[in-house]
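Step one of this worksheet: look at the structure below.
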There are 2 protein chains.
Amino acid sequence: MNRESTMITDEQAVEIFKALSNQIRVNILQMLKEPDHHFSTQAHVIKEKGFDGGVCVSDIHSKVGLSQSTTSQYLSILLQSGLVEMKRIGQWTYYRRNEETIKQFEKYIGLKI
Amino acid sequence: MNRESTMITDEQAVEIFKALSNQIRVNILQMLKEPDHHFSTQAHVIKEKGFDGGVCVSDIHSKVGLSQSTTSQYLSILLQSGLVEMKRIGQWTYYRRNEETIKQFEKYIGLKI
DNA sequence: TTTATATATCGAGAATTATCAATATCCTTT
DNA sequence: AAAGGATATTGATAATTCTCGATATATAAA
């Protein structure tokens, strides 16, 4: 079947721009590109749980140099923008990039900006 | 000769994201994509003056629904980010898109985000 | 050189964002 | 049920952004 990937709206794009208008949030997104390189291997969710590439908040926290609460809030902002997705597994919350949104965002830039 | 177009830095990218984290500034950039369509034809700088596609501040002002000073400041923000360039001709200041920066920005998104 | 037009800058208040410590909530383990 | 660890939320203050009117500056016209 042909997946109809809907073009992002201007409003959503602005929300993404806001999310990325902060160096640390950009860093987080960039680190999530190569979780194995930036975080301790055992920390990411194991493949079996079906959230490959996900990194838990405390791991991200220990890399960014911000308080736990700010780290959590920044991840919420990235989540709201659609750039990342999250899954709670037990007591941990794992975040990973939402490559579909990122692809649509790229497309938006090329067509609308 | 092979033009060596330098990759945008993370810092510059964040400045661009900030510039675009406002719907009206995005609108301005979008309108400058088709000046003839959005602004009165005679208003843009004439081709002979070598700044094709440029639109003067007052024309932009009359489209965006913000005060003259805010319009001017928003254009400065876009200018600082590199997304537009400007040229003063007589008493008018013309702004137009800087397609080279925009192209590099697109490339940055694809490679670094 | 006075006047008019176009744009930029200044000063200020409102709104939003950044950031933290403290606390609450949710799971897991005891 | 109590305790502990992980994450989210709350409350607060500082910093930044938004936005305007007023004013300054630059250029053109009279």
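The values are calculated or read from the model by the stated rules, or taken from the named source; none is laboratory data. Since the structure is predicted, the reported quantities are computational estimates derived from the model, not experimental observations. For neighbour counting, all protein chains shown are included, and Cβ atoms are generated from backbone atoms with ideal geometry for every residue, glycine included. Please note that ligands, DNA and RNA were not included when accessible areas were found on the heavy atoms of the full protein model with its side chains. Shrake-Rupley method; radii C 1.70, N 1.55, O 1.52, S 1.80 Å.
Return the carbon/sulfur percentage of the accessible area of region A:10-112, one whole number, probe 1.4 Å, all protein chains in place. Of all accessible area on region A:10-112, carbon and sulfur atoms account for 47 percent.
Summing both sides, the accessible surface hidden between B and A at a 1.4 Å probe radius is close to 1900 Å². Mean-square fluctuations from a GNM of chain B, with a 10 angstrom spring cutoff on Cα atoms, peak among B:Phe51, B:Phe39, B:Phe17 at B:Phe17. Within region B:94-113, the residues that become at least 50 Å² less accessible when every protein chain is included than when their own chain is isolated (1.4 Å probe; DNA, RNA and ligands ignored) are B:Glu106, B:Ile109, B:Ile113.
With contacts defined as alpha carbon pairs under 8 Å and 6 or more residues apart, what's the relative contact order of chain A in percent? It rounds to 27 percent for chain A.
Accessible surface for the protein assembly as shown, divided over its residues, is 55 Å² per residue with a 1.4 Å probe. Bridgeable aspartates and glutamates around A:Lys103 (alpha carbons under 18 Å apart, same-chain partners fewer than 8 residues away excluded): A:Glu4, A:Asp10, A:Glu11, A:Glu15, A:Glu34, A:Glu85, B:Glu106.
Could you compute the FRET efficiency for B:Val64 and A:Gln30, with r as their C-beta to C-beta distance and R0 at 30 Å, rounded to 0.05? Step by step, r from the Cβ atoms, then E = 0.35. At the residue level, A:Ile113 shows approximately 10 square angstrom of accessible surface with a 1.4 angstrom probe and all protein chains present. Taking the Cα centre of chain B as reference, the dipole from Cβ charges on Lys and Arg (+1) and Asp and Glu (-1) amounts to some 120 debye. Modelled spin labels at B:Lys49 and A:Glu11, positioned 7 Å past Cα toward Cβ, are 3.9 nm from each other.
Only DSSP H runs of four or more residues enter the estimate; each adds -39500 (n - 2.57), and after division by the residues of the protein assembly as shown the mean residue ellipticity at 222 nm equals -15500 deg cm²/dmol.
The simple spin-label model puts a point 7 Å past each Cα toward its Cβ; for A:Glu106 and A:His38 those points are separated by 1.7 nm.
Each other copy holds its own label point for A:Ser58; taking that point as 7 Å from Cα along Cα to Cβ, the gaps run 6.4 nm, nearest first. Per the Cα gyration tensor, region A:10-112 maps to an equivalent ellipsoid with semi-axes of 23, 15, 12 Å, ordered largest to smallest. Within the straight-line cut-off of under 18 Å between alpha carbons, the lysines reachable from B:Lys87 are B:Lys33, B:Lys47, B:Lys49, sequence neighbours fewer than 8 places apart in one chain being disregarded. Sorted from shortest to longest, the distances between the B:Ser76 label points of this copy and the other copies are 3.4 nm, with each point 7 Å from Cα along the line through the beta carbon. Remark: the protein assembly as shown projects, on average over all directions, an area of 16.7 nm² (convex hull of Cα atoms).
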